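A.B. asks: Shown below is the structure under consideration.
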Amino acid sequence: MRSRLEWRRARVVEARTIAEDVRAVTFAVEGLSASFDPGSHTNIKVRINGEPAIRTYTVLPGPPGTLSIAAKRHPNSRGGSVFIWQLQPGDETELTEPENRFELSWRASRYLLIAGGIGITPIYGMARTLASRGQTLRLAYAAKSRQQMAFLDELTALLGDRLQIFAQDDGEALDLDTEFAALPPDGEAYICGPLGLLEAARQAWQKSGRSMSRLRYEVFGDNGRFAEQAFDVEVAELGARVRVRADQSMLGVLVEAGIDMVFDCRRGECGLCAVNIVEADGVIDHRDVFFSEIERQENSRMCACVSRACGGRIVIDTGYRPDLTAAE
């Protein structure tokens, strides 16, 4: 249950490697509407193991009538990045009109942008827009190595000393407490990166006593603690059983099986798709940013759009009761 996606035919016009294991692809898109704000994302139709699927990527700044995305090649990819890396000029697919759930507020006196690895994709557009409007900002960019930092040359030229990079291989480490302490009370932080970075940022922000409304973050749907494995899901109230492959999401499989689900963001942020965990054979890999760490440890609920079981079988209760709905 979400807003209707507006699909557009798209043709690849450029594909290039912009950093180690990072590929940028630009599409000419038919009937694309007006320009989009930084932080926007698009859905793309891909094929994984011969089967159709949908993946979501941040939209990069680009010429009118085009959409550009960047994908990191992950060793444990569910198949989306592999598909993107195989695209060549002339290939065709479909993309959706961009939508934005990671918007700049335009109310802060100072902006702190933090990117971890491929999390630079929404942050890059934000930095360009803020700089063009004369806003006060700082960008802290962390990755395993400088070679893995996409857009590094462009950002260095654009921001100068307002950019600081932290390369793990060089022994450089990002200090969130220090970064947050330098922000004025009405400053805001925007963060995109691995789940561990977002959890650490949320804890550090809460410890600083700042309003949570001034911390914005975005997470990757395939960003878990464990490699993807296939697992079985039983829906307790329906007696239904489905198999979730390593390259599928639990939510997608349940919807395809005709099981009524409430959902929206598909990125583990809104919590609408959360289901109750009745029973689980093994470990649950929580990949959302909706639940607190304490709630994840309780293992009583999980976001069906991004979280997974590490193999085996889980029994869930979606909470949907058609008899009660009808009675209402």
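A.B. asks: Of the conditions (1) under 23 Å from the mean Cα position of the chain (by Cα); (2) among the aliphatic types (A, V, I, L, M); (3) within 16 Å of Ala140 (Cα to Cα), Leu195 clears all except one; give me its number.
C.D. replies: Condition (3) is where Leu195 drops out.
A.B. asks: Of all the residues that make up region 241-260, how many are on the phi > 0 side of the Ramachandran plot and in contact with a helix residue (DSSP H, G or I) (Cβ under 6 Å, 6 or more places away or on another chain)?
C.D. replies: If we filter region 241-260 for residues that are on the phi > 0 side of the Ramachandran plot, which is where we start, we get 258.
Of the ones still in play, those that are also in contact with a helix residue (DSSP H, G or I) (Cβ under 6 Å, 6 or more places away or on another chain) are none.
The total comes to 0.
A.B. asks: Let me ask you something else. With within 19 Å of Glu218 (Cβ to Cβ), of a type in the set (A, V, I, L, M, F, W, C) and assigned by TED's automatic domain parsing to the domain that holds Thr121 as the only criterion, which of Ala173, Ala167, Ala201 stands out?
C.D. replies: Numbers: Ala173 fails: within 19 Å of Glu218 (Cβ to Cβ); Ala167 fails: within 19 Å of Glu218 (Cβ to Cβ).
That would be Ala201, the only listed residue that is within 19 Å of Glu218 (Cβ to Cβ), of a type in the set (A, V, I, L, M, F, W, C) and assigned by TED's automatic domain parsing to the domain that holds Thr121.
A.B. asks: Still on this structure, please answer the following. If I go through region 58-75 residue by residue, how many of them are at pLDDT 85 or above, out of contact with any helix residue (DSSP H, G or I) (no Cβ under 6 Å at 6 or more places or on another chain) and surrounded by fewer than 16 Cβ atoms within 10 Å (Cβ to Cβ)?
C.D. replies: Within region 58-75, the subset at pLDDT 85 or above is 58-73.
Those left that are additionally out of contact with any helix residue (DSSP H, G or I) (no Cβ under 6 Å at 6 or more places or on another chain): 59-60, 62-69.
Next, from what is left, pick out any that are surrounded by fewer than 16 Cβ atoms within 10 Å (Cβ to Cβ): 63-65.
So the count comes out to 3.
A.B. asks: Now a separate question. Only one residue in Gln164, Gln88 is touching a residue at least 12 places away in the same chain (Cβ under 8 Å), touching a strand residue (DSSP E or B) at 6+ places or on another chain (Cβ under 7 Å) and either surrounded by fewer than 14 Cβ atoms within 10 Å (Cβ to Cβ) or at positive phi (or both). Which one? Don't jump to the end; show me each part of the working.
C.D. replies: On the way: Gln164 fails: either surrounded by fewer than 14 Cβ atoms within 10 Å (Cβ to Cβ) or at positive phi (or both).
Exactly one of Gln164, Gln88 is touching a residue at least 12 places away in the same chain (Cβ under 8 Å), touching a strand residue (DSSP E or B) at 6+ places or on another chain (Cβ under 7 Å) and either surrounded by fewer than 14 Cβ atoms within 10 Å (Cβ to Cβ) or at positive phi (or both), namely Gln88.
A.B. asks: Can you tell which of Phe231, Phe226, Phe263, Phe220 is on the phi < 0 side of the Ramachandran plot and modelled with pLDDT of 90 or more?
C.D. replies: Values: Phe226 fails: modelled with pLDDT of 90 or more; Phe263 fails: modelled with pLDDT of 90 or more; Phe220 fails: modelled with pLDDT of 90 or more.
None of the other options fit; the residue is Phe231.
A.B. asks: Also, I was wondering about something else. Confirm whether Pro122 is surrounded by fewer than 19 Cβ atoms within 10 Å (Cβ to Cβ), touching a residue at least 60 places away in the same chain (Cβ under 8 Å) and under 30 Å from Ser68 (Cα atoms). Show your work before the answer.
C.D. replies: Values: surrounded by fewer than 19 Cβ atoms within 10 Å (Cβ to Cβ): no; touching a residue at least 60 places away in the same chain (Cβ under 8 Å): yes; under 30 Å from Ser68 (Cα atoms): yes.
Judged against the criteria, Pro122 is not a match.
A.B. asks: Give the residues of region 26-55 that are in a strand (DSSP E or B) and hydrophobic (A, V, I, L, M, F, W, C), sorted by residue number.
C.D. replies: Taking region 26-55 and keeping what is in a strand (DSSP E or B), we get 26-29, 40-48, 51-55.
Residues satisfying the conditions are Phe27, Ala28, Val29, Ile44, Val46, Ile48, Ala53, Ile54.
A.B. asks: Another question about this same structure. Scan region 174-221 for residues that are under 21 Å from Ser145 (Cα atoms), without any contact (Cβ under 8 Å) to a residue 12 or more places away in the chain and part of a loop (DSSP other than H, G, I, E, B) and jot them down.
C.D. replies: Asp175 - this is the single residue of region 174-221 that is under 21 Å from Ser145 (Cα atoms), without any contact (Cβ under 8 Å) to a residue 12 or more places away in the chain and part of a loop (DSSP other than H, G, I, E, B).
A.B. asks: Of these, Ser33, Ser40, which one is touching a residue at least 60 places away in the same chain (Cβ under 8 Å), polar (S, T, N, Q), farther than 18 Å from Arg11 by Cβ and in the same structural domain as Gly79 (by TED's automatic domain parsing)? Walk me through it before giving the result.
C.D. replies: On the way: Ser33 fails: farther than 18 Å from Arg11 by Cβ.
On inspection, the qualifying residue turns out to be Ser40.
A.B. asks: While we're looking at this one, here's another question. Within region 226-233, identify whether any single residue is more than 27 Å from Val46 (Cα to Cα) and either outside the structural domain of Glu51 (by TED's automatic domain parsing) or surrounded by fewer than 16 Cβ atoms within 10 Å (Cβ to Cβ) (or both), and answer yes or no. Give the derivation first.
C.D. replies: Going through region 226-233, the residues more than 27 Å from Val46 (Cα to Cα) turn out to be none.
No: zero hits.
A.B. asks: Please go through (1) in contact with a helix residue (DSSP H, G or I) (Cβ under 6 Å, 6 or more places away or on another chain); (2) under 27 Å from Lys72 (Cα atoms) for Ala204 and return the number of the only condition it doesn't satisfy.
C.D. replies: The one condition Ala204 does not meet is (2).
A.B. asks: Report whether or not Val262 is under 21 Å from Ile54 (Cβ atoms), crowded, with 17+ Cβ neighbours inside 10 Å and either out of contact with any Cys (no Cβ under 6 Å at 6 or more places or on another chain) or not assigned by TED's automatic domain parsing to the domain that holds Val59 (or both).
C.D. replies: Numbers: under 21 Å from Ile54 (Cβ atoms): yes; crowded, with 17+ Cβ neighbours inside 10 Å: no; either out of contact with any Cys (no Cβ under 6 Å at 6 or more places or on another chain) or not assigned by TED's automatic domain parsing to the domain that holds Val59 (or both): yes.
Here the answer is no, as Val262 does not meet what is asked.
A.B. asks: With respect to Gly282, determine if the residue is over 19 Å from Gly193 (Cα atoms), modelled with pLDDT of 90 or more and assigned to a loop (DSSP other than H, G, I, E, B). Outline the logic, then answer.
C.D. replies: Values: over 19 Å from Gly193 (Cα atoms): yes; modelled with pLDDT of 90 or more: no; assigned to a loop (DSSP other than H, G, I, E, B): yes.
No, not satisfied.
A.B. asks: Of these, Arg55, Arg101, Arg4, Arg78, which one is exposed (fewer than 13 other Cβ atoms within 10 Å of the Cβ), basic (Lys, Arg), closer than 28 Å to Met261 by Cα and at pLDDT below 95?
C.D. replies: Working: Arg55 fails: exposed (fewer than 13 other Cβ atoms within 10 Å of the Cβ); Arg101 fails: exposed (fewer than 13 other Cβ atoms within 10 Å of the Cβ); Arg78 fails: exposed (fewer than 13 other Cβ atoms within 10 Å of the Cβ).
None of the others qualify; the one that does is Arg4.
A.B. asks: Based on this model, can you work out whether Arg23 counts as within 19 Å of the chain's Cα centre (by Cα) and part of a strand (DSSP E or B)?
C.D. replies: Values: within 19 Å of the chain's Cα centre (by Cα): yes; part of a strand (DSSP E or B): yes.
Spelling it out, Arg23 is indeed within 19 Å of the chain's Cα centre (by Cα) and part of a strand (DSSP E or B).
A.B. asks: May I pose another question? Of the residues that sit in region 285-315 and are part of a loop (DSSP other than H, G, I, E, B) and of a type in the set (Val, Ile, Thr), which one is modelled with the lowest pLDDT? Walk me through how you get there before you give the answer.
C.D. replies: If we filter region 285-315 for residues that are part of a loop (DSSP other than H, G, I, E, B), which is where we start, we get 286-292, 299-300, 304-307, 310-312.
Subsequent filtering for residues that are of a type in the set (Val, Ile, Thr) retains 289, 306.
Values: Val289: 81, Val306: 89.
Within region 285-315, the match that is modelled with the lowest pLDDT is Val289.
A.B. asks: Look through region 255-273, keep the residues that are in contact (Cβ under 8 Å) with a residue 40 or more places away in the chain and among the hydrophobic types (A, V, I, L, M, F, W, C), and return whichever of them is farthest from Phe291 (Cα to Cα). Write out each step before concluding.
C.D. replies: Taking region 255-273 first, the residues in contact (Cβ under 8 Å) with a residue 40 or more places away in the chain are 259-269, 272.
Within this subset, residues satisfying the condition of being among the hydrophobic types (A, V, I, L, M, F, W, C) are 259, 261-263, 265, 272.
Values: Ile259: 23, Met261: 19, Val262: 17, Phe263: 15, Cys265: 15, Leu272: 11 Å.
This residue is Ile259.
The values are calculated or read from the model by the stated rules, or taken from the named source; none is laboratory data. Small disclaimer: the values here were computed from a predicted structure and weren't measured. Here the Cβ is made from the backbone with ideal geometry for all residues, glycine too, and neighbour counts use every protein chain on show.
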